[in-house]
Every structure is written in C-alpha cells, then in structure tokens.
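Peer 1: Have a look at this one before I ask anything.
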Amino acid sequence: MDLWTDFTRKFQAAFVTGDRWKLYLGGLLSTLELTVFALALGTVLGVIVAVLRSAHDQQRLGQHNPILAVLNAVCKVYTTVIRGTPMLVQLLIWRFVILPTVRDYTLVGALGLGINSGAYVAEIVRGGLMSVDAGQSEAGRSLGLGYLDTMRFIIIPQAFKNILPSLGNEFITLLKDTSLVSAIGGAELVYYAQSVGSRTYEVMFPYIGIAILYLIVVMFLTWLQGRLERRLRQSDRRS
C-alpha cells in the first residue's frame, strides 16, 4: 500500500496537480510546430542543393558552367560541414555565436534544425534524382522541355517514389531531434518535462510521460508512411 500510495502521489504531482498535463500537451504542440517548420525549411534547402549538384554532375562532356561549379562547391561545403558535426554543437553555435541577441530560443532552434535537415534531405533527394535513368532526361529534352521543366514533370515525380522511405525516416528523426532544442532554452516537450520535474523534485514520471508521447507520435508517423508507400505501389501496378 505504501508503494501504491507513493506511486499515486508522484503521478498526480507530475500530471494532475495544477492541470500540469496541459503543459505536456503544449510541449507536444510546440514540438510538432518545430518539426513542421524545420521540415519545410530543410525540404526547400535540400531540393535546391540537390538540383544544383545534380545539374553540375549531369553536364555533358566538354561543357563547364563556372557559376554552376561555384554553386556546387558551396553546396558540397554546406553538406559536408552540417553532416560532419553534431546537431547539439550546431544548435549551440546558432544560439551563442550566430544569433546571440535573439531571445526567441525556440525560433533559433527551429532554424538550426531546418538547416541541419536540409543537408540530409539534399543527399536523399540527390540520390533519388541520380537513380532515375539518364534516358528520361534526354527524352524530356527531345520533347523540347528545358532543364527545370524536365526535372519538374519527369524526373522529380519518379524520384519521389524512390526517396519516400528515406524522407519519412528523416522526418521521424527530425521530430526526435527537437528534444535537443531544450539545451539552448527552447520550449518543447523536454523543456516542459524539466519544468515539471523542477517543481515536483521527481523526474521519473515527466520523462517517462514524454517518452510515451514521442513513441505514440513516431508510431503514427510510421503507420502513415507505410500507408503512403502502399498506395504508391498500388498506383504503379495499375499503371
């Protein structure tokens, strides 16, 4: 009975007293907002970098565009630096070195997450673009389509099916990486769990609670990704 009483008391202190469960829901909402913002930024950056690098790599023999070469070099430095350094270190640099005067630490964290994700999305998208047969590009150009139109209407739709699993995994990883934003003072699930723990002097229930929330969201996203992949496979069979 003493163990059950102690369990009940700690559970109530972590989730019930003062409607603290609302803090976890607010943290979950902030985490999802962080993830969506970072994913949007990372996708835009990743697609731009992937298209630039693919355009450089797919130049015909004897052709050399100096502007494209410079842009390709910048993109390679970007992906190398971002993928070669820890996410936490990057967030600390954004917080204390690049944007030390910005007080919205959650926004700083979202920016750091998005730029980090962009490097990984770029390699995923570039791999998908390069996996499409080169004859597809030649067919598009023979129909009078320019490079951008060929990418938009022919290459990218085919590449999307190839990269969907990797993009889904990147999205799930990004969701979990939002927990690092608390290290620079950003408000998300871990931040609110730490806040509750500092008030109750008991961290077991807050941390286990947010772990369960992360697990539920990840399982839902995994299920959603699986359904989308099955639909794409079905559409391929019908076509």
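Peer 1: Could you list, in sequence order, all residues of the stretch 86-106 that are within 16 Å of Gly42 (Cβ to Cβ) and either over 18 Å from the mean Cα position of the chain (by Cα) or without any contact (Cβ under 8 Å) to a residue 24 or more places away in the chain (or both)? Outline the logic, then answer.
Peer 2: Narrowing the stretch 86-106 to residues within 16 Å of Gly42 (Cβ to Cβ): 87, 90-91, 94.
Listed by number, the list is empty, since nothing qualifies.
Peer 1: Say we look at the stretch 52-67 and pick out the residues that are outside any loop (DSSP other than H, G, I, E, B) and touching a helix residue (DSSP H, G or I) at 6+ places or on another chain (Cβ under 9 Å); which of these is nearest to Ser131 (Cα to Cα)?
Peer 2: Kept after step one, since they are outside any loop (DSSP other than H, G, I, E, B), are these residues of the stretch 52-67: 52-57, 66-67.
Next, from what is left, pick out any that are touching a helix residue (DSSP H, G or I) at 6+ places or on another chain (Cβ under 9 Å): 52-57.
Numbers: Leu52: 16, Arg53: 14, Ser54: 11, Ala55: 14, His56: 16, Asp57: 13 Å.
Here the residue is Ser54.
Peer 1: Still on this structure, please answer the following. Can you tell me which condition Ser195 does not meet? The list is (1) of a type in the set (S, T, N, Q); (2) over 16 Å from the mean Cα position of the chain (by Cα); (3) more than 30 Å from Phe96 (Cα to Cα), and all the others hold.
Peer 2: So the condition that Ser195 fails would be (3).
Peer 1: Determine which member of the set Val44, Val49 is in a helix (DSSP H, G or I), in contact (Cβ under 8 Å) with a residue 60 or more places away in the chain, within 23 Å of Ser131 (Cα to Cα) and within 15 Å of the chain's Cα centre (by Cα).
Peer 2: The conditions single out Val44.
Peer 1: If Ala193 satisfies every condition in (1) in contact (Cβ under 8 Å) with a residue 40 or more places away in the chain; (2) in contact with a Ser or Thr (Cβ under 7 Å, 6 or more places away or on another chain); (3) not polar (S, T, N, Q) but one, which is the exception?
Peer 2: Status for Ala193: all satisfied but (2).
None of the figures in this text is laboratory data; all of them are computed from the coordinates on show. Just so it is clear, the model here is predicted, and its values are computed rather than measured. When we count neighbours, we look across all protein chains shown, and the Cβ atoms used for this are built from the backbone with ideal geometry, even at glycine.
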